[in-house]
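Accompanying notes for the structure given below.
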Amino acid sequence: MARILVIEDDSSLRQVLEMFLRKTGHEVVSASSAEEGLRFVGDNEFDLVLTDLKLGRQSGLDVLSRVKASAPECEVIVMTAYSTVETAIEAMRRGAFDYVGKPFKLDEISITIEKALERRALSLENIRLRRELSGRYRFDQIVGKTARMRQVFDTVARVAATRTSVLITGESGTGKELVARAIHFNSPRKDGPFVVVNCGAIPDTLMESEMFGHVRGAFTGAHTTRHGLLESAQGGTVFLDEIGEVSLPMQVKLLRFLQEHTIRLVGGTQEVKVDVRVVAATNKDLHQEVKAGRFREDLFYRLNVIRIHLPPLRERAEDIPYLAQHFVEKFCREIGREPLVIAPDVMERLKALRYPGNVRELENILEHAVTFGRGRTIEMDALPEHVRQTRLDTLSPLEDVTQVPEEGLDLEARLEDIERRILLNALRRAGGVRKDAATLLGITFRSMRYKLAKYGLGPPLEEE
Ligand SMILES: Nc1ncnc2c1ncn2[C@@H]1O[C@H](COP(=O)(O)OP(=O)(O)OP(=O)(O)O)[C@@H](O)[C@H]1O
Ligand SMILES: [Mg+2]
C-alpha cells in the first residue's frame with residue numbers, strides 16, 4: 001500500500017483515478033489545482049504524485065519541481081493531453097519518473113504506477129542502507145555491519161590513542177591498508193606523516209639503506225647522506241606492508257629499532273632517536289613462517305602486541321550490501337553524479353558471488369557498474385561480463401571445492417569454476433599482465449589467451 005496524491009482539474013478523470021487506486025489498495029489524496037495539491041505536499045509524505053500537466057495558473061511542471069525539491073525520493077508521473085516531445089523531455093529532466101499521454105487506459109497507467117512504486121521501494125531500501133552507513137556501520141572509511149567488523153572498529157578506536165605496535169593480518173584486498181590509515185588518522189599523531197613501506201617491493205640489497213638511510217660514502221654510489229623511510233615518518237606512523245617478505249638479517253635490524261626507538265644510518269656511527277609508531281601488515285600466516293624458520297619469533301611477538309585480523313569477505317556476507325552501497329556512493333560522487341540505486345537482482349547476485357580478491361574485487365565490480373550504468377538504477381547489464389556470466393550454482397566456497405554433496409555435482413562445471421578463479425588470481429598477482437600470469441601458471445601465452453577468452457576475462461585481444 002502506498003500513499004498517492006492525484007492532482008487533476010478534470011473532475012471525472014480525477015474520480016476515476018481515485019476509485020481505481022483505492023481499489024488497488026492504495027491510500028489516495030486528490031486535489032483539483034496545483035496550489036491545493038502543493039498544500040498537501042507540504043504536510044504529508046507521499047510515495048507518488050500523479051499530476052496533470054495543464055492546471056490553470058501553475059503547470060504540472062511547477063508541481064514536479066516543488067515536489068522534487070521538498071521530497072526528492074517521491075516519484076512523480078505527469079499526465080498530459082498535450083504531449084509534445086519538449087514537455088516530455090522537460091518533465092524527465094526535472095526528475096519525473098515518466099509521463100503518460102491522455103487519453104490513457106487504466107491498465108496502461110497502472111503499469112507505470114507499479115513501476116514507479118517499485119522504484120520508490122528501492123530508493124527507500126537504499127536510503128535505509130545509506131542512513132545506517134553514515135551511523136554505526138562505519139568507522140572512518142571502513143564499512144562493516146557484522147560483529148567481527150565492528151570489533152575491528154572497536155580495536156582501531158582503542159589502539160589509535162596509544163603508540164603500541166599493531167599487526168594487521170588478512171587476505172589480499174580485505175582492507176589492511178585502510179585499517180592502518182584509520183589507526184594513524186585517529187591517533188594523536190594524525191598531523192604527522194603516514195609513511196607506507198612496501199617491504200615486498202624493495203630489493204633486499206637496498207632494504208637497509210631505504211629503511212635506515214645512509215651516510216655519504218657508505219657504499220659506492222652513496223654520494224650524499226640520505227635519510228631513510230623510518231626517519232621520514234618522524235612524529236607519525238610507518239606502515240610496514242608485507243612484513244612477511246623481509247629477510248632474516250633485516251628482521252634483526254627492525255627488531256632493534258622496535259626495542260630502542262633509535263636507528264643508525266648505514267655507514268654511520270651515531271644513533272638517531274626516532275619517534276615513530278609501527279603498524280605492520282601481512283597476508284601470510286606469520287605463525288607458520290615462524291615455525292618454518294623464515295620469520296623471527298622475537299620480532300613476531302614485538303609486532304603482534306595488538307593483532308587485528310580482517311576476515312575474508314566470504315565470512316562476512318552481510319557486509320556486502322553496505323559495502324556495495326558505500327562504493328556506489330563513492331564512485332558517483334567522484335564523477336559528480338546522483339547516487340545510483342542498486343536493483344534487487346543485482347544486489348542478490350553481489351551477495352551470492354565469491355570474492356577471492358575480497359573487498360577490492362567488490363569495489364572494482366561497482367566501479368565498473370557505475371561507469372557503465374545508464375539511467376538511475378544499476379541493472380544487470382552494467383555488471384562486468386564475468387560477473388554476469390558466472391553461474392551462481394558453481395560458486396561454492398573455495399574450502400569446499402573438493403567436497404561432493406549429497407545431490408552430486410557437475411564435474412566439468414566445478415573444474416571450470418576452479419580454473420577461472422586461478423586465472424583471476426594469477427592475473428591479479430601479475431598486475432594484469434597476461435604474459436606474466438601465464439608464466440606463473442606454467443602455461444604458454446597462447447594458452448593463457450585462449451583460456452581468458454573462454455571465460456570472458458581480461459582485456460580485449462588487441463592489447464599488449
Ligand atoms: N571495510 C571496508 N570498507 C570500505 N572499503 C574497504 C573496506 N575494506 C577494503 N576496502 C577497500 O578495498 C580496497 C582494498 O583495501 P586495502 O588496500 O586496504 O586491502 P589490503 O588488505 O591492503 O590488500 P593487499 O593485501 O592486496 O595489499 C581499498 O580500495 C579499500 O579502500
Ligand atoms: Mg595492502
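The values are calculated or read from the model by the stated rules, or taken from the named source; none is laboratory data. Quick caveat: nothing in here was measured; it's all calculated off a predicted structure. So basically every Cβ, Gly included, is an ideal-geometry build from the backbone, and we count neighbours across all protein chains shown.
Can you find a residue in region 203-215 that is away from ligand 1 (no atom under 15 Å from the Cβ) and either under 30 Å from residue 364 (Cα atoms) or modelled with pLDDT of 95 or more (or both)?
Yes, there is a match, as at least one residue in region 203-215 is away from ligand 1 (no atom under 15 Å from the Cβ) and either under 30 Å from residue 364 (Cα atoms) or modelled with pLDDT of 95 or more (or both).
Limited to region 232-283, what total is found for residues that are more than 19 Å from residue 306 (Cβ to Cβ), more than 16 Å from ligand 1 (Cβ to nearest atom) and hydrophobic (A, V, I, L, M, F, W, C)?
8
Do you know which of the residues in region 168-184 that are away from ligand 2 (no atom under 11 Å from the Cβ) and surrounded by fewer than 23 Cβ atoms within 10 Å (Cβ to Cβ) is farthest from the chain's Cα centre (by Cα)? Give the steps one after another, and end with the answer.
Our first condition is that a residue be away from ligand 2 (no atom under 11 Å from the Cβ); within region 168-184, this holds for 169, 182-184.
Within this subset, residues satisfying the condition of being surrounded by fewer than 23 Cβ atoms within 10 Å (Cβ to Cβ) are 169, 182, 184.
Working: 169: 20, 182: 16, 184: 21 Å.
Selected residue: 184.
In this structure, does residue 231 turn out to be within 16 Å of ligand 2 (Cβ to nearest atom), part of a helix (DSSP H, G or I) and of a type in the set (Asp, Glu)?
No: the conditions fail for residue 231.
Report, by residue number, each residue of region 40-96 that is crowded, with 17+ Cβ neighbours inside 10 Å, in a helix (DSSP H, G or I) and hydroxyl-bearing (Ser, Thr, Tyr).
Matches in region 40-96: 87 only.
Could you list, in sequence order, all residues of region 154-167 that are in contact with a helix residue (DSSP H, G or I) (Cβ under 8 Å, 6 or more places away or on another chain) and either over 10 Å from residue 279 (Cα atoms) or surrounded by 20 or more Cβ atoms within 10 Å (Cβ to Cβ) (or both)?
Hits for region 154-167 are 156, 159, 160, 166, 167.
How many residues are surrounded by fewer than 17 Cβ atoms within 10 Å (Cβ to Cβ) and without any contact (Cβ under 8 Å) to a residue 60 or more places away in the chain when one looks only at region 16-28?
5
Conditions (1) assigned by TED's automatic domain parsing to the domain that holds residue 421; (2) among the charged types (D, E, K, R); (3) assigned to a strand (DSSP E or B); (4) at pLDDT 95 or above, marked per residue:
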{"residue": "299", "(1), (2), (3), (4)": "no, no, no, yes"}
{"residue": "322", "(1), (2), (3), (4)": "yes, no, no, no"}
{"residue": "329", "(1), (2), (3), (4)": "yes, yes, no, no"}
{"residue": "338", "(1), (2), (3), (4)": "yes, yes, no, no"}
{"residue": "348", "(1), (2), (3), (4)": "yes, yes, no, no"}
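Out of 239, 257, 219, 212, which single residue is under 28 Å from residue 156 (Cβ atoms) and either away from ligand 2 (no atom under 16 Å from the Cβ) or in contact with a Lys or Arg (Cβ under 7 Å, 6 or more places away or on another chain) (or both)?
None of the others qualify; the one that does is 257.
Report the residue count in region 301-315 for those that are within 16 Å of ligand 1 (Cβ to nearest atom) and either aromatic (Phe, Trp, Tyr) or part of a strand (DSSP E or B) (or both).
Number satisfying all stated conditions: 4.
Matching residues to (1) in contact with a strand residue (DSSP E or B) (Cβ under 9 Å, 6 or more places away or on another chain); (2) basic (Lys, Arg):
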| site | (1), (2) |
| --- | --- |
| 316 | no, yes |
| 322 | yes, no |
| 328 | yes, no |
| 345 | no, no |
| 357 | no, no |
| 360 | no, yes |
| 366 | yes, no |
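Which count do you get for residues in region 350-363 that are assigned to a helix (DSSP H, G or I) and either modelled with pLDDT of 90 or more or within 16 Å of ligand 2 (Cβ to nearest atom) (or both)?
Here the count works out to 7.
Would you check if there is a residue in region 172-183 being part of a helix (DSSP H, G or I) and either modelled with pLDDT under 95 or small (Gly, Ala, Ser) (or both)?
So far as region 172-183 goes, yes, one or more of its residues are part of a helix (DSSP H, G or I) and either modelled with pLDDT under 95 or small (Gly, Ala, Ser) (or both).
State all residues of region 268-293 that are outside any helix (DSSP H, G or I) and surrounded by fewer than 16 Cβ atoms within 10 Å (Cβ to Cβ); if no residue qualifies, say none. Working first, answer last.
Within region 268-293, the subset outside any helix (DSSP H, G or I) is 268-285, 292-293.
Of everything in region 268-293, those that are outside any helix (DSSP H, G or I) and surrounded by fewer than 16 Cβ atoms within 10 Å (Cβ to Cβ) turn out to be 269, 270, 271, 273, 275, 284, 285, 292, 293.
Consider residue 279 carefully, then state whether it is within 16 Å of ligand 2 (Cβ to nearest atom), within 39 Å of the chain's Cα centre (by Cα) and more than 19 Å from residue 203 (Cβ to Cβ).
For residue 279, the condition - within 16 Å of ligand 2 (Cβ to nearest atom), within 39 Å of the chain's Cα centre (by Cα) and more than 19 Å from residue 203 (Cβ to Cβ) - is met.
For a quick check of your reading of the model, give me the residue pairs whose first member lies in region 410-437 and is assigned to a helix (DSSP H, G or I), whose second is at pLDDT below 80 and acidic (Asp, Glu), with beta-carbon atoms closer than 8 Å and at least 6 apart or on different chains.
Note: pairs meeting the criteria are 413/393; 434/464; 435/464.
I'd like the full set of residues that are farther than 11 Å from residue 237 by Cβ, within 13 Å of ligand 1 (Cβ to nearest atom) and among the β-branched types (Val, Ile, Thr), limited to region 163-190.
Listed by number, the residues that qualify are 168, 169, 174, 179.
Can you go through 328, 359 and tell me which one is free of Cβ contacts under 8 Å to residues at least 60 places away in the same chain, closer than 25 Å to residue 185 by Cβ and within 16 Å of the chain's Cα centre (by Cα)?
328
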